[in-house]
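**Student:** Starting off with a structure, shown below.
No value in this document is a laboratory result; all are computed from the given coordinates. All values derive from a computational prediction rather than experimental measurement. All Cβ positions, even for glycine, are placed from backbone atoms using ideal geometry, and neighbour counts span all protein chains on display.
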Amino acid sequence: MSEDAAVELPGRDFSKVSRLSLGIGLAGLLVGLAGLIWGASNGDNRPWMAWLLGFAFWMSVLVGMLLFIMISHIFDAGWSVIIRRQLEHMVSAFPWMGLIFAPLILTPWFFPEYAGMIWKWLSPEYVLPGGGVVGDDPLYIWKQGWLDRFWMTFRTVLYFGVFIGLAFGLRKHSFALDSDGQERHVRQMRVLSAIGVFAVGLSATFGAFDWFMSLEYHWFSTMFGVWFFAGAMRVAVAFTIVLCFVLSTKGWLAGIYKRAHRYDLGLLLLAFTVFWAYIAFSQMFLIYQANIPEETFWYNLRLYASDGSYNDWWWVGMSLVVFHFLVPFLFLIFYTTKVSVKALLGVSVAALVFHMVDLYYNILPAKVADATDPSRYDVTGFGVSVFDLSALIGMGGIVIWSFLRSARKAAPIPLRDPRILESIHHHE
């Protein structure tokens with residue numbers, strides 16, 4: 001099927017939904033961009049962090065879905081064929097996410113006076129809490145070969161090249177299979193996936209290091225990339241459950257997406273719930289056990305206020321233990337939760353919400369210099385701003401618009417896939 005061909009989608013008029021999504025997306029991004037300008041003029045980096053948080057959420061959804069597609073091809077999974085097509089439409093949003101990230105990565109080049117709004121190591125004159133500047137910091141000097149404006153930009157372009165290139169290749173062969181039914185497309189998708197799963201894994205890992213872990217460049221953790229992978233897979237499965245529910249009630253998956261599909265997605269959600277908890281706990285436990293100040297301070301920022309009492313982030317961390325692991329785990333271990341529409345949908349929505357909370361916990365806390373006493377510092381508190389919501393909703397609108405735009409270019413399900421009947425008739 002050609003790129004210009006349009007497919008009539010069964011169900012409601014999705015062209016209206018597409019236009020609405022685009023309008024909401026652009027409006028949210030305009031508010032977010034206004035926040036970037038306001039924050040730069042007032043020396044407040046919180047709107048910039050809001051943009052990064054929104055990017056982190058939607059990027060993790062898309063990275064997880066791209067990995068889901070490739071894993072399905074590698075294992076020749078039959079049950080997920082009808083679901084895989086929906087994810088192929090979703091990953092069409094990678095180029096738009098690259099444009100969304102552009103203001104953050106281009107600011108240090110064109111407006112160097114605002115270079116430290118997010119990554120303080122991009123501004124050697126940035127005054128560090130406790131005194132001194134970044135340019136004189138021994139740890140910055142030691143890591144300067146990696147913490148460099150040019151190489152940061154180069155690596156970011158490389159990461160997006162991997163994501164966009166693999167998404168394009170997999171989509172191209174999947175859609176071409178609809179047109180000619182040639183088996184070579186199946187082999188090509190499997191080869192791309194076998195190579196791409198490593199490329200995406202490395203890109204996501206180093207992307208997490210560059211974009212999120214380097215916010216506090218004194219700290220390091222070799223498990224941070226695995227944390228991002230675990231969260232990305234979990235949120236991708238949760239979003240897929242919600243997406244398939246919508247499409248099975250008001251869209252083109254009505255009568256096709258069945259109980260057995262819900263069950264298998266519920267199993268994956270349970271698996272990555274446990275895996276996320278294992279990685280999060282292991283990172284904390286190993287750092288606690290080693291008790292090295294260069295590592296433990298990262299958790300101390302998320303535990304204690306300057307007077308030694310628990311700060312806001314302690315409560316956020318406890319909420320993740322209870323509501324991001326314990327409660328969904330206790331629900332998902334039961335068969336009835338995984339096959340119940342309402343129960344599985346509720347757990348999935350909760351997973352989406354607390355994935356965002358997890359991103360807040362890992363990205364937002366930072367040392368803030370005390371204006372009256374350079375030797376002292378405070379910790380950024382927990383809070384949700386209007387710019388957080390505008391970035392999250394705006395970027396989400398663009399992703400949904402891209403999904404619906406892509407869905408008009410291919411059949412709702414891959415009818416000529418050799419395992420399509422197995423997926424349609426899938427049972428427990």
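**Student:** Which net charge results when you count Lys and Arg as +1 and Asp and Glu as -1 among the other residues whose beta-carbon is under 15 Å from that of TRP51?
**Tutor:** Result for the neighbourhood of TRP51: -1.
**Student:** For helix 341-363, report the angle its Cα long axis makes with the longest principal axis of the Cα atoms of the chain; keep it between 0 and 90° and round to the nearest 10°.
**Tutor:** Once rounded, one gets 30 degrees.
**Student:** Can you give me the Kirkwood hydrodynamic radius for the range 174-325, using every pair of distinct Cα atoms, in Å to one decimal?
**Tutor:** Kirkwood radius, the range 174-325: 18.8 Å.
**Student:** Quick one: compute the contact order of the chain, relative version, from alpha carbon pairs under 8 angstrom and 6+ residues apart, as a percent.
**Tutor:** Details: 583 pairs, mean separation 146.2, N = 428.
Relative contact order comes out at 34 percent.
**Student:** So if I take the centroid of the Cα atoms in the range 105-126 and the same for the range 182-233, what is the distance between those two points in Å?
**Tutor:** 26
**Student:** Let me ask you something else. Round to the nearest 10 and give me the degree value, 0 to 90, for the angle of helix 81-90's Cα axis relative to the longest principal axis of the chain.
**Tutor:** Long axis of 81-90 versus the principal axis of the chain: about 50 degrees.
**Student:** Rounded to the nearest 500, what is the 222 nm mean residue ellipticity of the chain from helices alone, with -39500 (n - 2.57) per DSSP H run of 4+ residues and division by all residues?
**Tutor:** -22500 deg cm²/dmol
**Student:** If you don't mind, there's one more thing I want to ask. Of LYS250/LYS342; LYS258/LYS342; LYS120/LYS143; LYS258/LYS409; LYS16/LYS172, which sit over 18 Å apart, Cα to Cα?
**Tutor:** Those over the limit are LYS258/LYS409; LYS16/LYS172.
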